[in-house]
Each structure stands twice: as C-alpha cells, then as structure tokens.
Amino acid sequence: MIKFDHVGLRYGIGPEILSDISFVLEPGSFHFLTGPSGAGKTSLMKLMYLGRQPTRGMVHMFGNIINTMPRNSLAAIRQSIGVVFQDFRLLQHMSAFDNVALPLRIKSVPEAQIKKDVNELLEWVGLGDHVDALPNTLSGGQQQRVAIARAVITRPKLLLADEPTGNLDDDIGIRLLNLFEQLNKMGTTLVIATHDEHLIDRFGHPRMMLDDGQLSIEKQDSWLRKKLEGVF
Amino acid sequence: MAKKPPKPSKKENRAKEPMIGKAKGTRRFDIALENVQGSGFLALLIGLMSFLVILALSASFALSAMSDRWSSGLENKMTIEIPAEDLNGAPRSRENITRLTGDITAAFDNMPQVKSYKVLSEEDISELVKPWLGENLPLQDIPLPGLISVETHNNDAANIQALERRLKNISGNIRLDTHQNWLSHLLRFTQTLQLVTFLISLVVGVTTIIAIIGAVKARMSVLHDEIELLHLIGATDNYIASQFQRYSFFISLKGSLIGTLVSAIILSLIGLLFSEMSVNLLPNFKLTMNHIVIIGFVPIVISLCAMITARRTVIHALTQLP
C-alpha cells in the first residue's frame, strides 16, 4: 500500500508545488495521473519514486514510513519501484540489452537469468533485433520501449510511468498498455501520468487529477460503477 | 565435399551490415566513466607520481645501505694517533714515534679487551694521505704521525676510558679516535636525506590522493544524470562507488605500472653509472631482492590508495542525493 498523508513539496524557498496531497493506493490498483501542464504531475511522480523527500507530510510505502527510514535503506524500496521517465533516461554508452539488464544487475541476479529475461522482454516489446543497439541509434519510440522494458524487467511492486506512450504509435501504445495491465493483474500497482484522453477512456482506470498542486482522486468504486454502466 | 554456400546478394549484404552505434565488447562500467576526457592525463599523472616515489624509495634504500656499510666497517674499531709533534709542539723524530708505538703495543698485551691491532707502516700512511697531498710529494720530508688501527671486543665507554688512561700514561698527546664523532655526523646526514626522501614520498602521495579526489569529483559532476539514474532505480551507494573504485584502480594500476617500468630503467642506468665510477663513498644503487619486492608493491599500493580514495569520495558525495 502507498499512502501520502498531507504531503507538500517545494523547491528551495519557492512556493509549494504540491500542497496537502493525501491519497491511498491499494496494492494492485491502476490509476491514470492527469492534469494540465505544470500541475505538478512530474513532481508527484518524483515523490513516489523517492527522487525527492517531501517538505512536509508523511509518505508510507510497502509498510514503511519513508520519511523516517535511514537513507541507505531506501535503495531496497526503490528496487521495488519501476519508473518510465518522460525523457527515457537511457544510458547512452550501453546497449539496449545492458540498459534493460541494469536493474537486474543492481539486484545481483545471475547473468544467465538476466540474458534469458532481457532477451525475452526485448523480443516482446519488438526490439529483438536491436539488443546490441546503442540508444542514440534508436528512434524515439524504440528508446521509449527500452525504457519501459527496463522499468518492468524486475516485475516491480509499483510501476510509475510518465507519458509512456507519448512517442509511440497507437498500436504499440495499446500493446504496451496491455503489458501494463498484465503486470497489474500479477499484482503490480500502476500509476501512469498521461495527457492521452483516448488511452484513459480506452482502458478506463480511475484518475488521479492534479490541478494547481492539489490532487483529487477518483474512487475505485465510482470507476467500477462507470465501468458497469458501460461508460467505457 | 560440402557445397559452398551461395554468396549473399548486395541487398542481403545491406541487411546484414553491422548496425551503426552497435555496442562493442563487454560492458565494463554502468556509468560511462571511460568516455569522460582526462583518463589518460590521470594515468600519466599517477605514472609520474609512481616514478618519483620509486626514485625516492630507491634513494632511501641506497642511503640506508651506505649507512650500514659505514657503521659495520667501523664497529669496535678505533685508531690511535701518535701526533707528529710532541706536547711542546716540537717535531717528533721517527725513532720517537717508533718507540712510542712499541710502548703502546706492549701495553696491549695486558689489555684483554684489545682483540687485534695493526701498526700502520709509512707506506700505509702515505697511501692514506695521497688523496689530499698528491702523489709526487716527497713524503719522507713531511712529518707523519704514527697510526695504530685497533679492534676491541667491545667498544663500550669503560673500555675506551681504560684505553685512554693507558695511552695518557705513555704520552699526554696521544689521541684515540673511535670514529664515532664523524660517523655520527655522517649517519645524521644520511638520516636527514632519508627523511627528505620520506617527505617527498609523502608529498607525492598526498598530491596523488588530491588528484584522484579532483578527478572523481569532476567525473561525478559530468556523469551526474547517470549516477542519479542508478540511484533512482535502486543502486546502493556501494554499488555506485564500486564503479568508481574499480575504474580508479585500473587507471592507477596502468599509470603506476608504466611509472614503475620507467623508473626501473632509470635506476638500472644510474646503477650502471655509479658502478663504473667505483667511488666507495657514493651510495650503491644496486637493489637487493627485498628492495625489488618492496618496489614491486608500489603500483599495487598506489592503486589500492586510489581505489579507497575514489570510494570515500563517491560515498561522501552520494549523501547529497535523497
């Protein structure tokens, strides 16, 4: 379970980017994070993948209070979180294979297992012929798929994706959302930040809406009711 | 016979062309440490530092060997000098010197602490003074002192005082030179030189550590995004530091091995030059097996220091990340 309790975030001495954010994400839930540009989606994602410490409030993750945890224990929590960054953040000197293998190597998974899992996943995301390619030789869509593969390779407990389908064709976008749904069915909690209303409507998961640093969250039961009413 | 496979067409060849930007070889580091400029410079700097440390170490070994040689050659040895002038400043005749020499050697018979002695002949004394007075001087016209080289069983103060008392009884101005005075000066001088070589090594070591800290910090700054990414996907500080420490170890090992090789060549040349000079006072630059083993450890010690320095620098800097 992920719980934010009256969380606020400001950069330096500037105004609060996020104010009084409180929500609970149950294990295995799937949410779309939406909101206008500059609403604080990326900042909220940063708090969720422990890229920043909140300036106030409490963050609970997987039974731990993040604010009070010693710094060196946070690495284990981060290993349970997969992140697809908006700008992909691939390591340019490493092949697609090595980029995807990185989280497994950090977890000291045996090389034979890494080889099997990474090749399988790259094949699945349509990059089976590009395992040795350096990221800067891949198209934007291909790089995004490598980034997604890197985020899901460890089957994280929480997957956060910032505009994961932004550079993808509709078909591949839908295919990747299907992959996310499969992961969700296996127990991964998902939060996907997106502007793509078409995608949100198609998959119909509840929304977390950020506006001017304030968050409102669509209840799972309201989403379920809509689904049953055939809105989606 | 197996049929030769058909030659691929131009189209097939194009399809199988190596991909531009394909990753080559084995991944060595998760962070692009080798792509940052300045690795060669760092290796060169460490090479130079290793070179200086090895030269300083070798100088220290040579000075130590020279001190040992001087000390061991004069252990329990002393020289009795019967001055060429008597107590009143009048020249002593050769007969007088010979008589006094006889008195002294006769006294040795009753002194069990005297192990052996040798009365230096005029030829021996001439040989000794030749370097200062030249070869062609008529030595027979110059008043020469009488010299007796004595070896005792024990050179302690009581023995020396007893011997001095006996000599004073024979003649008031007979001098006993235990060599301690000039030897202690000489040994203090070599010890000072050894201290200087130690300080040079220390300065070189500190400079190397500062250079490595600077290089690591510069790389951390250039590669900040990659380090942050590793951090965000769950790499521990140890994992990230291990990348830098491995890199620093290999760069330092490469540099210091080159430095060691160059210094070995230079030392061999110095050793060769010194051996040809055959001047006994100069230090001997021939290294023993022990010295070679110690020098052989220099690249390893430098590389380990670089590794530890890199690790501590990275671990310290990573505390800035959340």
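Would segment A:69-91 turn up any residue that is assigned to a helix (DSSP H, G or I), buried (at least 21 other Cβ atoms within 10 Å of the Cβ) and more than 8 Å from every other protein chain (Cβ to nearest Cβ)? No: segment A:69-91 contains no residue that is assigned to a helix (DSSP H, G or I), buried (at least 21 other Cβ atoms within 10 Å of the Cβ) and more than 8 Å from every other protein chain (Cβ to nearest Cβ). Among the residues making up segment A:167-196, those that are closer than 21 Å to residue A:140 by Cβ and open to solvent by 40 Å² or more (accessible area, probe 1.4 Å) are A:167, A:169, A:170, A:171, A:172, A:175, A:178, A:195, A:196.
Residue-wise test of (1) open to solvent by less than 40 Å² (accessible area, probe 1.4 Å); (2) out of contact with any helix residue (DSSP H, G or I) (no Cβ under 9 Å at 6 or more places or on another chain); (3) within 12 Å of chain A (Cβ to nearest Cβ).
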{"position": "B:230", "(1), (2), (3)": "yes, no, yes"}
{"position": "B:237", "(1), (2), (3)": "yes, no, yes"}
{"position": "B:243", "(1), (2), (3)": "yes, no, yes"}
{"position": "B:254", "(1), (2), (3)": "no, no, no"}
{"position": "B:257", "(1), (2), (3)": "no, no, no"}
{"position": "B:263", "(1), (2), (3)": "yes, no, no"}
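Can you confirm whether residue A:44 is part of a helix (DSSP H, G or I), of a type in the set (A, V, I, L, M, F, W, C) and under 16 Å from the mean Cα position of the chain (by Cα)? Considered against the rule, which asks whether it is part of a helix (DSSP H, G or I), of a type in the set (A, V, I, L, M, F, W, C) and under 16 Å from the mean Cα position of the chain (by Cα), residue A:44 comes out as yes. Out of segment A:128-154, which residues are more than 13 Å from residue B:233 (Cα to Cα), modelled with pLDDT of 90 or more and either hydroxyl-bearing (Ser, Thr, Tyr) or not in a helix (DSSP H, G or I) (or both)? Those that are more than 13 Å from residue B:233 (Cα to Cα), modelled with pLDDT of 90 or more and either hydroxyl-bearing (Ser, Thr, Tyr) or not in a helix (DSSP H, G or I) (or both): A:131, A:132, A:133, A:134, A:137, A:138. Within segment A:124-141, the only residue that satisfies the criterion of being more than 10 Å from chain B (Cβ to nearest Cβ), crowded, with 20+ Cβ neighbours inside 10 Å and over 27 Å from residue A:28 (Cβ atoms) is A:127. Go through A:51, A:57 for me and flag whichever is away from chain B (no Cβ under 11 Å) and open to solvent by 10 Å² or more (accessible area, probe 1.4 Å). Answer to the check: A:57. Considering only segment A:83-95, I want to know if a residue exists there that is of a type in the set (Gly, Ala, Ser) and either modelled with pLDDT of 95 or more or in contact with a helix residue (DSSP H, G or I) (Cβ under 8 Å, 6 or more places away or on another chain) (or both). No, because not a single residue in segment A:83-95 is of a type in the set (Gly, Ala, Ser) and either modelled with pLDDT of 95 or more or in contact with a helix residue (DSSP H, G or I) (Cβ under 8 Å, 6 or more places away or on another chain) (or both). Being within 24 Å of residue B:57 (Cα to Cα) and modelled with pLDDT of 90 or more is a condition met by at least one residue of segment B:240-249. Kindly indicate whether residue B:196 is farther than 30 Å from residue B:79 by Cα, in contact with a Phe, Trp or Tyr (Cβ under 7 Å, 6 or more places away or on another chain), away from chain A (no Cβ under 14 Å) and hydrophobic (A, V, I, L, M, F, W, C). Taking the combined requirement at face value, the residue does not satisfy it. Taking residue A:38, is it open to solvent by 70 Å² or more (accessible area, probe 1.4 Å), assigned to a loop (DSSP other than H, G, I, E, B) and out of contact with any helix residue (DSSP H, G or I) (no Cβ under 8 Å at 6 or more places or on another chain)? Yes: the conditions hold for residue A:38. On the stretch given as segment A:93-103, residues that are within 7 Å of chain B (Cβ to nearest Cβ) and not hydroxyl-bearing (Ser, Thr, Tyr) total 5.
Every residue, every condition in (1) surrounded by 14 or more Cβ atoms within 10 Å (Cβ to Cβ); (2) within 21 Å of residue B:82 (Cα to Cα); (3) free of Cβ contacts under 8 Å to residues at least 60 places away in the same chain, yes or no:
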| residue | (1), (2), (3) |
| --- | --- |
| B:172 | no, yes, no |
| B:179 | yes, yes, no |
| B:194 | yes, no, no |
| B:201 | yes, no, no |
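When you look at residue B:31, is it surrounded by 17 or more Cβ atoms within 10 Å (Cβ to Cβ), assigned to a loop (DSSP other than H, G, I, E, B) and of a type outside the set (Asp, Glu), yes or no? Answer is yes for this residue. Restricting attention to segment A:104-119 and to residues that are within 21 Å of the chain's Cα centre (by Cα) and assigned to a helix (DSSP H, G or I), the residue that is farthest from the other protein chains (Cβ to nearest Cβ) turns out to be A:117.
The values are calculated or read from the model by the stated rules, or taken from the named source; none is laboratory data. Computed from a predicted structure; not experimentally measured. Glycine gets a Cβ as well: all are built from the backbone with ideal geometry, and neighbour counts include every protein chain shown. Surface areas here come from the heavy atoms of the whole protein model, side chains and all, with no ligands, DNA or RNA. Shrake-Rupley method; radii C 1.70, N 1.55, O 1.52, S 1.80 Å.
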